[in-house]
Amino acid sequence: MANLVNRRLVANALAVLALSGIGVYTASNCWIKNASAESRSAEPQKVFGRGPAFKSLRLHSSESVSDNTKRLRFELPGGESSISGLSLTSALLTFSRPEGSWLPAVRPYTPISKLDEPGFVDLLVKRYPNGKASTHLHSLKPGDNLFILASIPGFNWTPNKFSHVYLIAGGAGITPIYQLAQGILDNPADKTKITVIFGVNTEKDMLLREEFDAYQRAYPDRIDVLYTVSRPGSEFRPAPNVRSGYVTRQVLAEVMGGPDEADTKIFVCGPPAMEKALVGGGFGQGQPGILQQLGYPRDRIYRF
């Protein structure tokens, strides 16, 4: 069960550290000044490792990808000579002070850019009506800065450890799912097969569809993607990989190979209600989730 709460516990602990009064902004500014004075090395500089980071990133560009979602591109300190240095399935813990708020907002976001891309890191941020962090990030303009407290490790991925992974996402939970799929498919040595099941409210919420479509064209035998749309519009047209409805037991039984399929792992990320329906209550509480009802033991399920 520890893996079900790992990222949440780390984020909470680092948030307490951020609020303890240490001079994190000063530390970040000093680091940036020192980094600019260093000569370029043959190897790219890794900006983030595990744990505390205390970095300030300048917003390079902001792109609206739906009515409530933006793709925010941030410049890495060191420019083209630097990469994020993040491990696969890692997230960044952001620290911001929304206008009019006495308390800062501390939230984890999973980068969707390639982790070895030089110079930049991209976040896909969905704005929620009462979301202090997401509203603040959406208000940023190119040249504004976002403070990063730490990098948060996720699942310790090992190429080819599993023959097949099932990646189940809902809403903005697609970001760690996409990062994992991207990392697997971009590694020529990793032959893991991928099935993505992505539940959304409307057709406009099918985030990263172009990116997934491109991977399906490049690796037709390696990745399958199914979208379920719970509130389809009047012009909705179903397709072989797009259907109306929710991520139900029937859908998963149809798409997944069953608990007897060897060497498989299931990754889940979505709204709390969806995760509870799929995985069940935590620490033995509540009814078994849909995946347990289908026969999948908890040790084969990882919840971001």
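Fully extending the segment from LYS204 to GLU43, taken as 0.36 nm per residue of separation minus the present Cα-Cα distance, adds 53.9 nm. Computed from backbone phi with θ = phi - 60° and the Karplus coefficients 6.51, -1.76 and 1.60, the 3J(HN,Hα) list for the stretch 102-119 is 6, 9, x, 10, 10, 9, x, 9, 9, x, 10, 6, 4, 5, 9, 6, x, x Hz; x is used for glycine and proline.
Apolar share of the accessible surface for the stretch 45-152: 50 percent from carbon plus sulfur atoms, 1.4 Å probe. Averaging the sequence gap over all C-alpha pairs within less than 8 Å and six or more residues apart, then dividing by the number of residues, gives the stretch 164-303 a relative contact order of 27 percent.
Each Lys or Arg adds one and each Asp or Glu subtracts one; over the other residues with Cβ under 14 Å from the Cβ of PRO98, this totals +2.
The values are calculated or read from the model by the stated rules, or taken from the named source; none is laboratory data. Because the structure is predicted, anything quoted here is derived from the model rather than measured. Cβ coordinates were reconstructed from backbone atoms using ideal geometry, including for glycine residues, and neighbour counts include every protein chain displayed. For the accessible areas, the whole protein counts, side chains as well, though only heavy atoms, and no ligand, DNA or RNA atoms are used. Shrake-Rupley method; radii C 1.70, N 1.55, O 1.52, S 1.80 Å.
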